[in-house]
Amino acid sequence: MHVRDQLYIDGKWIDATGKGSIDVINPATEEIIGKVPIGSSEDVDKAVAAAKSAFEMWSKSDINHRIEVLNALSNAFKERGEELAQTITAEVGTPIGYSRVAMVGTPRVVSRSYAKILEDFSWEEVVRNSLICKEPVGVCAFITPWNFPLHQIIGKVAPAIAAGCTMILKPSKEAPLSAFILADILDDIGLPSGVFNLVSGHGSEIGNYMSSHPDVDMVSFTGSTGAGVSVSQSAAPTIKRVTLELGGKSANVALDDADPILVAKKAIGACHQNSGQTCSALTRLIIPEEMSEQICEIIAAKNNSYLVGNPLDENTRCGPMVSSRQQSSVTEYIQSGINEGATLISGGLGMPDGVAKGFYVKPTIFANVTSEMKIWKEEIFGPVLVITTYKNESEALSLANDSIYGLSGGVWSASNERAIEFAKKMRTGQVSINGGAFNVSAPFGGYKLSGNGRELGTHGLDEFLEIKSIQM
Ligand code: NAD
């Protein structure tokens with residue numbers, strides 16, 4: 001049992017003033033595996049005051065010191081990698097192999113990437129008679145989701161440390177445990193008091209309070225579009241910088257010269273990774289009419305044998321949904337696909353075979369999905385792939401762009417040039433060509449209702465910087 005009964009503020013573990021605690025539930029066993037305190041607005045005030053006072057020192061800290069901190073953080077993720085992977089698998093239900101690589105391996109690489117960026121980052125440039133200086137934006141508030149809990153946190157904490165900002169983190173209530181391990185690590189590394197502060201609690205209470213706080217200069221939010229709107233509204237009166245990483249419903253498009261077998265084989269993993277609870281998952285597959293039969297046949301067969309079950313089993317590909325609420329929500333979407341007349345080609349309602357408890361759903365594939373259907377339009381956030389067909393490339397493009405979101409995407413073609421031309425016309429923040437791998441140094445973020453701003457790489461660092469022009 002992971003019982004954390006204090007908040008990390010100003011370099012010390014202190015009692016929360018909010019009442020009670022939040023239970024952390026293992027979604028595979030439905031058992032309570034941890035508890036974290038409920039922070040109040042009073043706790044947020046203390047954390048903001050600590051961050052404000054530490055900003056004076058940390059904003060002027062030696063760049064080599066920041067590089068050392070970021071490298072030490074990366075090393076600690078390596079040393080405590082198995083503990084972190086097991087903890088995240090216990091709180092999120094992510095299959096353990098994927099947890100090691102994506103949940104812990106990625107934050108390890110991202111932390112190191114910011115140390116590397118700092119080695120030759122240019123803080124000043126001369127433009128005609130002006131000296132342009134980059135300076136840390138100030139005190140930052142971070143509100144993060146449960147689906148990639150540590151990765152979403154490090155995508156903010158690492159560039160903020162690099163920039164010289166100070167911060168208050170509020171992790172999700174479903175998966176807060178890795179954030180507490182992070183606080184332990186930053187304390188062990190010797191990050192100066194007040195630079196990083198951790199306050200757990202309810203988003204609707206302290207999340208909004210943090211966003212509206214007059215002493216917070218920037219709020220960086222990752223989560224649902226609805227909560228992102230609420231954060232923006234709370235932040236508006238204080239004109240703070242707001243960056244938002246929100247939902248997605250990304251298109252995976254096979255052009256007519258693509259290899260249908262490859263498209264079919266890769267489509268499932270691209271949708272079902274982290275049990276489908278991935279904001280950038282490629283959840284809408286758009287294929288030429290003439291390839292439909294072959295692709296659907298391969299996908300259905302692959303999905304039928306997609307291993308669902310205990311996330312601690314090394315062979316498991318799909319674990320449970322994070323919560324009973326998420327399980328119900330995904331189930332309602334599957335029911336809605338059936339009701340609206342989409343063709344269910346694999347999966348469907350109910351628990352997967354051989355699974356008796358836990359918040360599981362069956363990985364599910366719908367074909368003949370039309371753009372009026374709810375399962376086409378809305379983010380399901382579960383292992384549900386929807387497939388539609390097109391007659392010509394312009395129809396493929398309008399289907400790809402037929403979304404309120406624009407976070408990610410995929411294009412398949414025998415010609416990289418042709419795929420790149422198509423990708424450029426997609427209204428989305430990232431596109432993978434022929435399965436191109438995720439790059440931790442490439443900017444990540446959304447068009448349209450998928451958000452504002454970019455994380456990762458130098459673009460992610462820029463979000464934490466103010467720009468000053470000094471005319472000479
Ligand atoms: P959520 O919006 O319910 O919660 C995210 C965080 O916001 C949590 O810490 C929560 O406590 C807090 N919160 C909730 N309501 C709030 C409010 N009114 N004011 C301030 N804070 C509030 O989202 P979730 O269910 O944890 O995560 C799933 C969503 O996150 C999906 O829509 C997914 O696409 C999105 N997501 C986006 C990215 C990205 O980078 N674009 C990454 C991961 C997840």
In what sequence do ILE143, ILE470 fall when counting other Cβ within 10 Å, fewest first? ILE470, ILE143
Out of all DSSP beta bridges in the chain, what portion is antiparallel? Express it as a percent rounded to 5. 45
Ranking ASP5, ASP215, ASP353 by Cβ neighbours within 10 Å, fewest first, what do you get? ASP353, ASP5, ASP215
Using 0.36 nm per residue of separation minus the Cα-Cα distance, give me the extension gain between ASP353 and ILE239 in nm, one decimal. 35.8 nm
Using the Cα centre of the chain as origin and beta-carbon charges of +1 (Lys, Arg) and -1 (Asp, Glu), tell me which of SER122, PHE142, ALA442 is placed farthest towards the positive end of the dipole. SER122
With 10 angstrom as the radius, rank HIS459, HIS272, HIS213 by how many other C-beta atoms surround their C-beta, starting from the fewest. HIS459, HIS213, HIS272
Subset of LYS249/LYS374; LYS302/LYS391; LYS302/LYS424 violating a 20 Å alpha-carbon distance limit: LYS302/LYS391; LYS302/LYS424
Using a Förster radius of 30 Å, what is the FRET efficiency between ASP188 and ASN64 based on their Cβ-Cβ separation? Nearest 0.05, please. 0.95
Report the gain in length on full extension from SER53 to SER336: 0.36 nm times residue separation, minus Cα-Cα distance, nm rounded to one decimal. 96.7 nm
How much length is gained on full extension from LEU344 to THR29, taking 0.36 nm per residue of separation minus their Cα-Cα distance? 110.5 nm
What's the magnitude of the charge dipole for the chain around its Cα centre, counting Lys and Arg as +1 and Asp and Glu as -1 at the beta-carbon? Answer in Debye, nearest 20. 280
Going by average Cβ density within 10 Å per residue, which order do the peptides 302-310, 88-96, 448-456 take, highest to lowest? 88-96, 448-456, 302-310
Normalised by the number of residues in the chain, what is the relative contact order in percent for Cα pairs under 8 Å and 6+ residues apart? 18
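For n ≥ 4 DSSP H runs only, could you compute -39500 (n - 2.57) per run for the chain, divide by its residues and tell me the 222 nm figure to the nearest 500?
After summing the helix terms and dividing by the residues of the chain, the value is -11500 deg cm²/dmol.
Since every read-out is calculated from the coordinates, none of them should be taken as a lab result. What you are looking at is a predicted structure, and each value in this text was computed from that prediction instead of being measured. Please note: Cβ atoms are built from the backbone with ideal geometry, for glycine as well, and neighbour counts cover all protein chains shown.
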